[in-house]
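Trainee: Below you will find the structure I want to go over with you.
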Amino acid sequence: MNRRIIAVAGAAAALAVPAGAQAHVTVQPKEAPAGGFARLDVRVPSEEPTTPTRKVVVQMPSGFADASYEPVPGWRVTVAKRKLAKPIKTDDGDTLTEELSRITFTATGKGIGPGQFQDFGLSLGIPDRPAGTKLTFKALQTYAGGKVVRWIGAPDSEHPAPQVTLVAAGEPAAGAQGSSEKADDDGDGNGLAIAALIVGALGLLTGGAALLRARG
């Protein structure tokens with residue numbers, strides 16, 4: 001009996017480790033089209049047992065000219081830019097002299113409570129770089145009371161920086177393919193249902209005709 005209890009406890013602990021390890025500040029989805037436009041969500045879980053998250057600062061990698069953000073009740077958003085060492089000519093003929101430096105989300109209400117998370121949506125023009133390029137979004141998470149967790153480390157570190165991998169333009173990003181497959185499955189299911197109705201209707205007509213002939 002004791003061995004069973006120990007085995008069950010060990011299995012529960014093994015399952016609990018990955019769940020805790022995934023409770024990081026991340027950027028979703030994990031892939032984005034190079035040179036295209038995409039929505040990226042900064043996902044912030046609050047891991048302190050009694051203290052809410054009050055502020056999140058995301059340091060933007062180079063190559064982002066501008067961003068639109070989704071309003072979140074109880075949060076204020078500020079966008080900072082830095083000057084480019086060399087101005088860039090866009091396809092539209094405009095000249096860019098600045099790019100995004102950081103985006104700061106500051107709570108005006110209660111913040112993100114213990115055991116909760118919040119998504120901060122951004123609409124961005126993704127830099128046109130080779131597929132496979134990894135964009136790193138370093139983040140600083142500040143709790144009430146002043147504790148700061150720095151999500152700036154390597155992917156295998158205790159506090160990894162959020163990363164997004166670029167894919168070739170036109171290639172479905174991670175997460176999009178599942179939706180497409182689901183739509184295909186739904187379409188196939190609807191087609192089978194319609195075919196079944198038609199076959200059933202034909203069966204009823206055939207049976208009715210046979211009954212009339214028998215009575216005649």
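Please treat every number below as a calculation from the coordinates, not as lab data. Quick caveat, the model's predicted, so the values are computed rather than measured. Cβ sites come from the backbone with ideal geometry, for glycine too, and all protein chains shown count toward neighbours.
Trainee: For the modelled label position 7 Å from the Cα of Asp92 along Cα-to-Cβ, which residues of region 21-41 have backbone nitrogen atoms closer than 18 Å?
Mentor: Only 35-39 pass the distance filter.
Trainee: Using Cα positions and a limit of under 26 Å, work out the lysines in reach of Lys138, with same-chain residues fewer than 8 apart set aside.
Mentor: By straight Cα distance, Lys138 reaches Lys30, Lys55, Lys81, Lys83, Lys86, Lys110, Lys147.
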